[in-house]
Amino acid sequence: MVETGSTPRSFQEIILRLQGYWARQGCAVMQPYDMEVGAGTFHPATTLRSLGTKPWAAAYVQPSRRPTDGRYGENPNRLQHYYQYQVLIKPSPPDLQALYLGSLQAIGIDMEMHDIRFVEDDWESPTLGAWGLGWEVWCDGMEVSQFTYFQQVGGHDCHPVSGELTYGLERLAMYVLGAAHVMDMPYNDPDAPIPLTYGDVFRQTEQEYSRHNFDAATTEMLLRHFEDAERECAQLLAQPAEDPKTGKRIIMAHPAYDQCIKASHLFNLLDARGVISVTERQAYIGRVRALAKQCADAFVQTDAGGWAA
Amino acid sequence: MPDLLIELFSEEIPARMQTRAAEDLKKLVTNGLVEAGLTYAGAAAFSTPRRLVLAVEGLLAKSPTLREERKGPRVDAPEQAIEGFLRGAGLTRDQLMERDAGKARVFFAVVEKPGRPAADIVAEVLDHTIRNFPWPKSMRWGAGSLRWVRPLQSILCILTDEAGAEIVPLSVDGITAGNTSEGHRFMGKGRFSVSSFEDYSAKLKQNRVILDPAERAGAIWAEATNQAFANGLEVVEDQGLLAEVAGLVEWPVVLMGKIDEAFLGLPAEVLQTSMKEHQKFFSVRNPKTGRIERFVTVANIETRDDGATILAGNQKVLSARLSDARFFWENDLRTVKSVGLEGMGAGLSSVTFHNKLGSQADRVARIEALAREIAPLVGAKPDLVAEAARVAKADLQSEMVGEFPELQGLMGRYYAAAAGLDASVAEACEMHYKPLGPTDSVPNDPVSVAVALADKIDTLTGFWAIDEKPTGSKDPYALRRAALGVIRLVLGNGVRMHLKELRISAEMRIPDEHKSGELVSETAGHDQDSLLSFIHDRLKVYLKDQGIRHDVIDACLSESSGAPSGATPGSDDLTLLVKRAEALAAFLKTDDGENLLQGFKRANNILSQAEEKDGVEYSFGADVKFAESDAERALFEALDTAEAAIIPAMTSEDFAAAMSAMAALRAPIDAFFNAVQVNTDNEIIRRNRLNLLHRIRTICLSVADLTRLDG
């Protein structure tokens, strides 16, 4: 596989090269989480695995949804559904910046021709009770990635610290491929028997979801589901650690966290529907954060979270 | 005399922190060295995005030996005491000296603390500095526990003298100091070793790093203005941006690009804000048209194609950003055209201002009513002011302000103009937020003044009513700024109004169920916590900066001063209050003022003491017929004259005239005290004189409460 030096020809080639590159760096290449999330960080492979002392290295694509960003497929850069590429390594290796730059080379960005910059950008996720310090990485003035050293997740101090890289794949690919409008970007190889653009794959869904998110989703139902998720999360975590059926210690941190993810997405939909006022907004965010925190508390009581009997 | 060079090399340091960090490095290290006895000739600190550097010249090679004399026990003291002293000093008996101390003969020990080599001290000081560095925000990384602004990668620390360079042995959390560094991330040629500061900065330059941020900023500005000039254009100056950009690059490469024609119709402020906030671009203006036509970006690398790829990339990003901005602009204009500016703001009713103070729409309604009341006081038409108040916050609902909150007000102005509203209404949309601080400009168009005052008074009364007052350093709703805004608006425009009346009417519009704080309208200006005294406190701070002492303000604020009729002083009429304070301050600067004050204080003291002793108030009935001397009779006359002048002067607010009438009392008061003794044996004459002193007090207090003045 020729990777460096040559320019990729399609969106999917960029993804494939990133997968190859990070696999070679020793990351477990994982698959997207099978739920609606706002960003790759929500994948338990990041949120939960950044907690506790066990070393971890994972890379994956995560489809992400931001209902308020829908533009009916018309805006050249904004989508309500898009892809993030996420890398999480714990503890953060000393050469993480160099590894990251290597990944840009792998997708055809020539370091001698472009202006790559690390510009201060402290990351905070109020819904996850998480924050870290790092940068947004600029390539010729465009933000191509987010680079963060996690300091706290779910209210827990990160020890050791994870290094997190997030690539906004559409934006990065548009830049590399020279596409002016996301919908015009080749999805598969332009010389394939059936060449497909990003628009061929996603234009219609962008329209459908934009309408759904802004005008059609039933808000009463969303509110109800939000509260259901909240209750279910608490219910799962309130169960005793020992499973009465198997007699084993099984804390349901992940199923509970699924409910936290659900609540978060429902909140985003409610926000897009415009039914949450500024003051209520803070309250909702606080409620999701409370769930994230409880899930983090539970996870560090599990094996993967570094718990030892 | 060796020189010291320190480089702390890390991953990218936020631009805004670099300057301060370099200064902190210098301060902490040099202070530490001096404290340990190592003086030096000079020190300079530098920063780039990836390094903090300190160069110290002419350092002592060794700290000086310190001799310390310790007094011990008497020579005839018990053996144990002497042994204890020897142990403490680390000496043997034969090293002690005997000396006479007072009556007894006493042992003395001379303890020598040998000097320590510079390297040992530097290692200690630098270790401590790194571990306790005052970063505004710091982090951990990997599995370590050290904190730095971003991962610290290497430490260079060398001492250089004629014999050569020596590495200072030092290791912090696994990072061992050495004598090597590296240059530019992409253009440097690997790590290199250095032997001195000169060697270091020269090698950095060869490896494409300019160490001194001032040199980088200078180079950027020179190159940017050159390129603009060559095209008949000018760069819009922005020192803050220049400093920031200089902190984002180690090797600045200035590139100028064009803004696509399609975006030149956007307001200049929109172009400027978008380019600066999102991309750190300088705006380049055509001096003939005043339009922003190009931009300057500063890259961190030289390329084979002279930056063509980089510039094209930046241009593309800019176009994407500006098409967003244009999209917002066009949508907003469409909204304004179809539903008007007030219509654009319709959604404010669903935006909470504060959960106890209702929505933004509620607030707008309060501001409108209040502004209408203020309008006649500032010479504005009430209907126009009301219209301005109704639309002034409408742009908060515009898409543009949603994207660029810092354009609030300004967009309102553009949209008001687009809606064909009166020019003064458009101006008020922008200006009613002002003044935003002690140096911001104060609006002077009457419509803007009325809405600006209403905006701030509503904020103050609102948060006061729900008991959200500032405490200590906490002022989350910027109420101090609002109070200062009221003060500057009133004084800057010579507005005559009674704040108390406005405040009461503002309070009446706040829903009763939320009024948790005591309502200030009932407690007027007496209460320490009252809104009026809060405003007075801000006024004192403000006038202090203008050179008027706070005791002078106090003298004019005091309840016991004021109109001779004894009516409530106009302390809620700030313009009047300040006029009086200024007259008093000017008066106190004159000889007459200074001496009158002394005379007044003498009279007041004698009177107060007598009143206290006798348990009565000598408040009337001084009669000239009991006067014994000419000086005494002259004072009677002078007081009659002064009173006759002061009453009308105060009523007509001619404070200078009142002060000068008061000044005329100085000579008669001085002469009176020279000629007579107040406390004589003759009780009738004594009482008469005390009553005379009381007239001095009353007349002076009618101008200002001179008892409040210091000195």
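In this structure, B:Gly343 does not qualify as surrounded by 19 or more Cβ atoms within 10 Å (Cβ to Cβ) and either within 14 Å of chain A (Cβ to nearest Cβ) or more than 34 Å from the chain's Cα centre (by Cα) (or both). The numbered conditions (1) away from every other protein chain (no Cβ under 13 Å); (2) closer than 22 Å to B:Ala222 by Cα are all true for B:Lys276 except (1). When A:Ala179 is tested against (1) more than 30 Å from A:Gln301 (Cα to Cα); (2) under 23 Å from the mean Cα position of the chain (by Cα); (3) hydrophobic (A, V, I, L, M, F, W, C), only condition (2) is not met. The strands (runs of 3 or more DSSP E) found wholly in region B:46-156 and carrying at least 3 residues that are modelled with pLDDT of 95 or more and closer than 30 Å to A:Val119 by Cβ occupy B:51-57. Out of region B:644-669, which residues are touching a Gly at 6+ places or on another chain (Cβ under 7 Å) and closer than 14 Å to B:Thr590 by Cβ? Within region B:644-669, B:Ala663, B:Arg666 meet the criteria.
Residues checked against (1) modelled with pLDDT of 95 or more; (2) part of a loop (DSSP other than H, G, I, E, B); (3) surrounded by fewer than 22 Cβ atoms within 10 Å (Cβ to Cβ):
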{"residue": "A:Ser50", "(1), (2), (3)": "yes, yes, no"}
{"residue": "A:Glu74", "(1), (2), (3)": "no, yes, yes"}
{"residue": "A:Gln84", "(1), (2), (3)": "yes, no, no"}
{"residue": "A:Pro93", "(1), (2), (3)": "yes, yes, yes"}
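Of the numbered criteria (1) within 10 Å of chain A (Cβ to nearest Cβ); (2) out of contact with any Leu (no Cβ under 8 Å at 6 or more places or on another chain), the one B:Val245 fails is (1). Among the conditions (1) within 14 Å of chain A (Cβ to nearest Cβ); (2) buried (at least 20 other Cβ atoms within 10 Å of the Cβ), the only one that B:Phe9 does not satisfy is (2).
Just one of (1) hydroxyl-bearing (Ser, Thr, Tyr); (2) out of contact with any Asp or Glu (no Cβ under 6 Å at 6 or more places or on another chain); (3) in contact (Cβ under 8 Å) with a residue 60 or more places away in the chain fails for A:Tyr82. It is (2). Screening the candidates B:Ser171, B:Ser181, B:Ser154 for the property of being over 30 Å from B:Leu96 (Cβ atoms), within 12 Å of chain A (Cβ to nearest Cβ) and touching a strand residue (DSSP E or B) at 6+ places or on another chain (Cβ under 9 Å) yields one hit, B:Ser154. Please state which one of A:Gly178, A:Gly155, A:Gly132 is within 12 Å of chain B (Cβ to nearest Cβ) and on the phi > 0 side of the Ramachandran plot. Going through A:Gly178, A:Gly155, A:Gly132 in turn, the sole match is A:Gly178. Among all residues of region B:155-166, there is at least one that is closer than 29 Å to A:Lys90 by Cα, in the same structural domain as B:Ala15 (by TED's automatic domain parsing) and buried (at least 19 other Cβ atoms within 10 Å of the Cβ).
Here's the yes/no breakdown for (1) over 27 Å from B:Cys157 (Cβ atoms); (2) in contact (Cβ under 8 Å) with a residue 40 or more places away in the chain:
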{"residue": "B:Arg208", "(1), (2)": "no, yes"}
{"residue": "B:Pro213", "(1), (2)": "no, yes"}
{"residue": "B:Leu233", "(1), (2)": "yes, yes"}
{"residue": "B:Asp238", "(1), (2)": "yes, yes"}
{"residue": "B:Leu241", "(1), (2)": "yes, yes"}
{"residue": "B:Ser283", "(1), (2)": "yes, yes"}
{"residue": "B:Gly290", "(1), (2)": "yes, no"}
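For B:Ala320, indicate whether it is more than 8 Å from every other protein chain (Cβ to nearest Cβ), at pLDDT below 90 and outside any loop (DSSP other than H, G, I, E, B). No, not satisfied. Of note, B:Ala375 does not satisfy the criterion of being surrounded by fewer than 20 Cβ atoms within 10 Å (Cβ to Cβ) and either farther than 30 Å from B:Met187 by Cα or not acidic (Asp, Glu) (or both). When B:Ile487, B:Ile504, B:Ile548 are screened for being of a type in the set (Val, Ile, Thr), at pLDDT 75 or above and in a helix (DSSP H, G or I), only B:Ile487 passes. Just to be sure, is B:Gly485 more than 30 Å from B:Met275 (Cα to Cα) and either among the polar types (S, T, N, Q) or surrounded by fewer than 16 Cβ atoms within 10 Å (Cβ to Cβ) (or both)? No. Identification of strands (runs of 3 or more DSSP E) wholly contained in region A:103-152 with 3 or more residues that are under 20 Å from A:Thr47 (Cβ atoms) yields A:123-125, A:130-139. Pairing each residue of region B:46-66 that is under 17 Å from B:Leu126 (Cα atoms) with any residue that is charged (D, E, K, R), provided the two are 6+ apart or on different chains, yields C-beta distances under 6 Å for B:Phe46/B:Asp212; B:Arg51/B:Glu7; B:Val53/B:Glu7; B:Leu54/B:Lys26; B:Glu57/B:Asp3; B:Ser63/B:Arg116. Summed over region B:153-191, the residues that are among the charged types (D, E, K, R) and closer than 30 Å to B:Val253 by Cβ give a count of 4. Scanning for something of a type in the set (Lys, Arg), surrounded by fewer than 18 Cβ atoms within 10 Å (Cβ to Cβ), away from chain B (no Cβ under 14 Å) and in contact with a helix residue (DSSP H, G or I) (Cβ under 6 Å, 6 or more places away or on another chain), does region A:199-217 turn up at least one residue? For region A:199-217, residues of a type in the set (Lys, Arg), surrounded by fewer than 18 Cβ atoms within 10 Å (Cβ to Cβ), away from chain B (no Cβ under 14 Å) and in contact with a helix residue (DSSP H, G or I) (Cβ under 6 Å, 6 or more places away or on another chain): present. Looking at B:Leu96, B:Leu86, B:Leu91, B:Leu66 in this structure, which one is loosely packed, with under 14 Cβ neighbours inside 10 Å and more than 30 Å from B:Ser195 (Cβ to Cβ)? Going through B:Leu96, B:Leu86, B:Leu91, B:Leu66 in turn, the sole match is B:Leu66.
A search for C-beta distances below 7 Å between a residue of region A:237-265 that is under 20 Å from A:Arg289 (Cα atoms) and any residue that is in a loop (DSSP other than H, G, I, E, B) and acidic (Asp, Glu), counting only pairs 6+ apart in sequence or on different chains, returns A:His265/A:Glu36.
For region A:95-108, the tally of residues that are modelled with pLDDT of 95 or more, farther than 16 Å from B:Arg150 by Cβ and buried (at least 17 other Cβ atoms within 10 Å of the Cβ) stands at 4.
Only one of the numbered conditions (1) part of a helix (DSSP H, G or I); (2) within 30 Å of A:Asn75 (Cβ to Cβ); (3) touching a strand residue (DSSP E or B) at 6+ places or on another chain (Cβ under 9 Å); (4) at pLDDT 95 or above is not met by A:Ala296, and that is (2). In the set A:Ser125, A:Ser162, only one residue is within 12 Å of chain B (Cβ to nearest Cβ), within 17 Å of A:Leu48 (Cβ to Cβ) and under 17 Å from the mean Cα position of the chain (by Cα); that residue is A:Ser162.
Scanning region B:190-207 for residues that are modelled with pLDDT of 95 or more and within 14 Å of chain A (Cβ to nearest Cβ) gives a single hit, B:Arg191.
The values are calculated or read from the model by the stated rules, or taken from the named source; none is laboratory data. Please read these numbers as outputs of a predicted model, since none were measured by experiment. Neighbour counts run over all protein chains shown; Cβ positions are idealised from the backbone, glycine included.
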